[in-house]
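Single-structure report; data block below.
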Amino acid sequence: MAIDPLDIGIGAAWGAFLGLLFFGGLWWSLKDISRRRSPRRFLGISFFVRAVAALAGLWLALQHSVAAFGSALVGFGVMRFLMTRWIGLAHKGGHHRAH
């Protein structure tokens with residue numbers, strides 16, 4: 001069985017999209033938590049929705065092919081890395097680090 005490069009590319013893009021949704025949603029949730037009456041419930045619902053969406057998206061990639069699934073996982077991880085760097089740089093100097 002040959003691995004299709006198109007499967008890998010589409011899977012990586014799909015995983016990056018899922019990562020953007022998951023970690024972007026996390027960032028939005030944490031920014032918005034101070035305005036919520038019930039922050040625990042809000043974070044719990046946020047996590048549940050983000051996890052179900054990410055798992056469903058990865059399941060769809062797996063249904064397409066194992067190569068698409070593997071590259072989707074890589075795309076998801078790369079997006080996590082990029083978003084933590086981007087958000088960290090956007091807030092650098094805004095908060096003091098504990099020593």
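Coordinate-derived values only; no laboratory data. Computed from a prediction, not measured in an experiment: that's the story for all the values here. No Cβ is skipped: glycine too gets one built from the backbone with ideal geometry, and neighbour counts run over all protein chains shown.
A few notes on this one:
- Modelled label positions at ALA51 and LEU30, each set 7 Å beyond Cα in the direction of Cβ, lie 1.8 nm from each other.
- Simple Cβ-charge dipole of the chain, Lys/Arg +1 and Asp/Glu -1, about Cα centre, in debye nearest 20: 860
- Over the chain, Cα pairs under 8 Å with separation of 6+ residues give a relative contact order of 46 percent.
- Against the chain, whose longest principal axis comes from its Cα atoms, helix 5-32 is set at around 10 degrees.
- Exposed loop sites are taken as trypsin sites (Lys or Arg not before Pro) in a DSSP loop (any state but H, G, I, E or B) with at most 14 other beta carbon atoms within 10 Å; the longest stretch of the chain without one runs 38-91.
- Bins of 5 Å from zero: percent of alpha-carbon pairs in segment 2-54: 4, 19, 21, 17, 12, 9, 7, 5, 3, 2, 0
- The alpha carbons of the chain give a radius of gyration and a Dmax of 16.4, 54 Å, in that order.
- ARG40-GLN63 pseudo-label distance in nm [points 7 Å out on the Cα-to-Cβ vector]: 3.6
- Cα-based helix-to-principal-axis angle, 66-90 vs the chain, degrees rounded to 10: 30
- Helix 39-64 axis, angle to the chain major axis (alpha carbon atoms, nearest 10°): 10
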